[in-house]
Amino acid sequence: MNKITTDRNKLEFECSLVYYTEGLEIAAKLKQVILFGKHKNCVGLAHNQIGGDKSVFIAKIDNKWRTFINPFLINPFIIGGNDTNYSIEDNKFEHEESCMSFPKKSNKVIRYKNIRLKHQIKARSDNNGSMWKEETFTGFNACVIQHEIDHLNGIHIFNKNEDNNNE
Ligand SMILES: [Zn+2]
């Protein structure tokens, strides 16, 4: 059984794209880690948090666990919709977060209030509709998603603020 790693070398590692079916298997493994580890307060887990290297995370969205395979954020500039006065600065705020990989610690990071996420929902070989799904998330859900996307890119709450290119 895999455990949640606290090894920064594993955490600061960029995950790569995965075949959809393998992604589903990884998500099942992530759920097992949370279940058997009795991590009651956990709201998300990325593959490199258990020493993996694939672009998969699970997250508790509106109290329900969901799987995200090969996810990426869509340019936050478009989130303001038709309101031309809405700037990217309006979409940012400071959020205090903790992380399963850094027990009993927390840090403040800059997040977007609203995000749009694209992720894979079926195998490439499945010709029945698009293999990609686009969704909007707001508030706490959006923070959870951004936290996990960061993990997949080797970024966590203690190295995020060093990386100003992303702000
Ligand atoms: Zn984390």
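None of the figures in this text is laboratory data; all of them are computed from the coordinates on show. If you're wondering where the values come from, they're calculated on a predicted model, not measured in any experiment. A quick note on method: Cβ atoms are made from the backbone with ideal geometry, for glycine too, and the neighbour counts reach across all protein chains shown.
Some points to look at:
- Global geometry of segment 4-102, whether rounded, prolate or oblate, following the gyration tensor of its Cα atoms and the 1.5 cut on a/c: prolate
- Length gained when the stretch residue 126-residue 64 is fully extended (0.36 nm per residue, less Cα-Cα span): 19.7 nm
- Other residues lying with their Cβ under 11 Å from the Cβ of residue 44 contribute a combined charge of -1, Lys and Arg counting +1, Asp and Glu -1.
- Charge dipole of segment 8-166 (Cα centre as origin; +1 on each Lys and Arg Cβ, -1 on each Asp and Glu Cβ, all else neutral): 640 debye, rounded to the nearest 20.
- Most positive-pole-ward Cα, 119, 101, 129, against dipole of the chain from beta carbon charges: 101
- Estimated 222 nm signal from helices in the chain, with DSSP H stretches of n ≥ 4 weighted -39500 (n - 2.57), rounded to 500: -6500 deg cm²/dmol
- Net length available on complete extension from residue 40 to residue 105 is 21.8 nm, with 0.36 nm assigned per residue and the Cα-Cα distance removed.
- Anisotropy class of segment 8-166 from Cα gyration tensor, a/c 1.5 cut: oblate
- Using 0.36 nm per residue and subtracting the Cα-Cα separation, the extra length available between residue 21 and residue 133 on full extension is 38.7 nm.
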